[in-house]
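Undergrad: This is the structure I want to talk about, given as structure tokens.
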Amino acid sequence: MSHLLSIVLGFLTYSSNVLGSQTPLGSCTLDACLTNLPYRVVLPDSPNYALASRAYNRRLTIHPIGVVYPTTPAEVSAAVLCASSCGTPVVARSGGHSYAGYSLGGQDGSLVVDLSGLNGVVFESEGEIMHVQTGNRLGDVANALKGVGRALPHGTCPPVGLGGHAAFGGFGFASREWGLLLDRMIGAEIVLADGRVVNASLEENPDLFWAIRGSVSSFGIATSYTFVTLPEPPVTTPYSYVFAGNASSAAQCFFAFQEFSATSAPPPLGMQFSIIPDLTYELFGSYTGPKEDFEAAFLPLVRECEKTSDQHSGTHEFAQEMGWEAYLVSQAGTPPRVADCFYAKSLMTAESTPLSLSTIENFMNYLYTEGPKHGHLSWFVEVDVYGGVGSAINAVPKLDTSFTHRDRLLGFQLYASSGNLRPPFPENGYAFVDGMAEALRSGSESASFGSYANYVDPLLKEQDWKMMYYGKEIYERLTTIKAKWDPDAVFNFPQVIPPPLEAEKEGRRVVDEL
Ligand SMILES: Cc1cc2nc3c(=O)[nH]c(=O)nc-3n(C[C@H](O)[C@H](O)[C@H](O)COP(=O)(O)OP(=O)(O)OC[C@H]3O[C@@H](n4cnc5c(N)ncnc54)[C@H](O)[C@@H]3O)c2cc1C
Ligand SMILES: *[C@@H]1O[C@H](CO)[C@@H](O)[C@H](O)[C@H]1NC(C)=O
Ligand SMILES: *[C@@H]1O[C@H](CO)[C@@H](O)[C@H](O)[C@H]1NC(C)=O
């Protein structure tokens, strides 16, 4: 279908709906429709409802209209049709780790389609091609890959769900060499707003496939993703170097880290700079390859940071070569965090405008001054390296997927939890995290900042999330695709891609394209 035709069709579908085919909500019997589904359904009066509707981020309490547990794409479709016929918004839940509770709807009154019953994995071509249903978690994916000696780039926390992780990015320490998880995706199976189950790839429904890789939840429920896997690397070297010092030594080390990331770090080197409440700072990550090669590449940066750090406080050093599986286990966290109560923001810097030393100093001064005043919070700052010479993430042309960040150097995560990871979240925790972001924004570099949608931030203002997650061009293209595949916004939540209502109503967009 031509681009223009699809826009016109989207326009017509939208108009016909506005002009009178909308379901009279009063006559709708969602509960009856849901109760008739031949699989597990949890409604608010059920004793299981509290558990079924609990957010990973306990800061948030959200009341969905029901949680359903289909086990096939056809069963997912039946649930979507129940909700769409009643005008009830639908969201998918894979691992449930959305920072903003968006897999519970992000607000009260949504239907949650829990995908944990869709957990199949099928390999083709001796493991090179992996079809994996979206109820799987990253730990399940890693286990299945292990069985065929293959690997994928992804985050290291085993309970994180594949559904969200792969659709909004999927960053791991192998990503500078192998790309994001979404960059390995070659196909997906999607349940649409009208209940159809379709495949999407570069050949089939390519606009949908483009939108899924960066923004899946606005377009449908992905029941399966297909990836091209990589051979499991023979050895990997995880590492950690911890330093103690003050705001100025942390700024010096960070400045060297940024410079090294941009100019010297080879692609197999995955890197993170972090700071925690004891005000030690750490260079952390892994190198996909032997320890000897790792040290040759990385120790110059360590020596640079040692020049300004406090030598008397017992600098911790660790680097050890191991197999891929042992590496993944070493990163998993023991035990992995199963719940949290937190507020977080994400800021990504542009390769073309690295942070100035004065911005970095402002940021470190803020942490070293304000951090100790917030001892009741458990907080961290983690800075991942996305770019630099030879980065596979940035090698992907900007418009190939709806994931927009192909020119980023660093991704900051600014994060504070309540002290015991349980509610309530202390009220001044918001200002503390916002202050971190303001300190980073103190320089002119901030005009080019973006934000990572997998660290979704429900408090970003409307104009900000549109521009920071997507940017103008990709955002506008997404709204057009939304109009075609989900004109009535059946898939709906805060920060959803809306159909281009106003423009379409006036027919302006169609005329412009003509
Ligand atoms: C402890 C922890 C560690 C993390 N580590 C990393 C990391 O190393 N690297 C990184 O990149 N990110 C990391 N993240 C962020 C993580 O990638 C996101 O939170 C991700 O979106 C979670 O996916 P999920 O399926 O568990 O979440 P969910 O809450 O189930 O889903 C997230 C969003 O995607 C939608 N969605 C989920 N599945 C589907 C589907 N099949 N079809 C349509 N929409 C769907 C949901 O509706 C929701 O809007 C981490 C998060 C946590 C909590
Ligand atoms: C989608 O692709 C799979 C194989 O990859 C196939 O089995 C299935 O029939 C396809 N579905 C549709 C609707 O074309
Ligand atoms: C940080 O520590 C160094 C070395 O100990 C010292 O020279 C410097 O004055 C300190 N800076 C601040 C801001 O405290």
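Bear in mind that the values in this text are calculations on the coordinates, not laboratory data. Every value quoted in this text rests on a predicted model; they were computed, and no experiment measured them. Heads up, the Cβs are rebuilt from the backbone with ideal geometry, glycines too, and the neighbour counts pull from every protein chain shown.
Undergrad: Set the Förster radius R0 to 22 Å, insert the Cβ-Cβ distance between Ala74 and Asn143 as r into 1/(1 + (r/R0)^6), and round the FRET efficiency to 0.05.
TA: Numbers: r = 27 Å, r/R0 = 1.23.
E(calc), rounded to 0.05, equals 0.25.
Undergrad: Looking at the chain, how many pairs of lysines come closer than 29 Å at the Cα, when each pair is eight or more places apart or spans two chains?
TA: Eligible lysine pairs with Cα atoms under 29 Å apart amount to 27.
Undergrad: Summing +1 for each Lys or Arg and -1 for each Asp or Glu, what net charge is found among the other residues whose Cβ lies under 11 Å from the Cβ of Tyr39?
TA: Values: positive: Arg40; negative: Glu75, Asp114.
Neighbour charge sum, excluding Tyr39 itself: -1.
Undergrad: Continuing with the same structure: Taking θ as phi - 60°, what are the ³J(HN,Hα) couplings along the range 58-64 by the Karplus curve (6.51, -1.76, 1.60), each to the nearest whole Hz, with x for Gly and Pro?
TA: For the range 58-64, the Karplus curve yields 5, 4, 10, 10, 10, 10, x Hz.
Undergrad: Within 10 Å, count the other beta carbons around each residue, average over each peptide in 325-335, 377-387, and list them highest first. Let's see the in-between values first.
TA: Working: 325-335: 15.0, 377-387: 22.5.
Answer by packing, highest mean first, reads 377-387, 325-335.
Undergrad: Just to confirm a number: summing +1 for Lys and Arg and -1 for Asp and Glu over residues other than Glu75 whose beta-carbon lies under 13 angstrom from that of Glu75, what do you get? Kindly include the intermediate steps, with their values, before the conclusion.
TA: Numbers: positive: Arg40; negative: Asp114.
That sum, taken over residues with Cβ under 13 Å, equals 0.
Undergrad: What's the extension gain from Lys307 to Asn199 if we count 0.36 nm per residue and subtract their Cα-Cα distance?
TA: Details: separation 108, 0.36 × 108 = 38.88 nm, distance 5.52 nm.
So the extension gain works out to 33.4 nm.
Undergrad: On to the next question. Can you give the percent of C-alpha pairs in the chain whose distance is more than 40 Å? List each step's numbers first, then the result.
TA: Working: 29172 of 131841 pairs.
Here the long-distance tail beyond 40 Å is 22 percent of all Cα pairs in the chain.
Undergrad: I would also like to ask the following. For a protection proxy built on the mean count of beta-carbon atoms within 10 angstrom, sort 418-430, 55-67 highest first, please. Each step should come with its number before you reach the end.
TA: Numbers: 418-430: 14.5, 55-67: 21.0.
Going by the mean number of other Cβ atoms within 10 Å, highest first, we get 55-67, 418-430.
Undergrad: Taking amide H positions as placed 1.01 Å from N in the peptide plane, with prolines and chain starts having none, which residues 5 or more places from Tyr99, or on another chain, fall under 5 Å of its amide H?
TA: Val456
Undergrad: Under the rule of at least 5 residues apart or a separate chain, name every residue whose amide H is placed under 5 Å from the amide H of Ala193.
TA: HN-HN under 5 Å from Ala193: empty list.
Undergrad: If I stretch the segment between Leu299 and Arg441 completely, what's the gain in nm (0.36 nm per residue apart, minus their alpha carbon distance), one decimal?
TA: Between Leu299 and Arg441, full extension yields 48.1 nm more.
Undergrad: Once the other residues with Cβ under 10 Å from the Cβ of Leu269 are scored (Lys, Arg +1; Asp, Glu -1), what is the net sum? Let's see the in-between values first.
TA: Working: positive: Arg176; negative: Glu177, Asp293.
Within the 10 Å Cβ shell, the charges total -1.
Undergrad: Still on this structure: Just the isolated ones, please: cysteines in the chain lacking another cysteine beta carbon under 4.7 angstrom.
TA: By the Cβ distance rule, which asks for a partner under 4.7 Å, the isolated cysteines are Cys157, Cys341.
Undergrad: Take the eigenvalues of the Cα gyration tensor for the range 237-459, scale each by 5, and report the square roots as semi-axes in whole Å, largest first. If you can, show how the numbers build up before the last one.
TA: On the way: eigenvalues 126, 95, 76 Å².
Taking √(5λ) for each Cα gyration eigenvalue gives 25, 22, 20 Å.
Undergrad: Here's a follow-up. Please sort by residue number the GluC sites (Glu not before Pro) in the range 101-151 whose DSSP state is loop and whose Cβ has at most 16 other Cβ atoms within 10 Å. If you can, show how the numbers build up before the last one.
TA: Values: sites: Glu124, Glu126, Glu128; in loops: Glu128.
Here the sparse-neighbourhood loop sites are Glu128.
Undergrad: Right, another one. In square nanometres, what is one fourth of the surface area of the convex hull spanned by the alpha carbons of the range 182-245?
TA: On the way: hull surface 30.1 nm².
Computing the convex hull of the Cα atoms and averaging its projections yields 7.5 nm².
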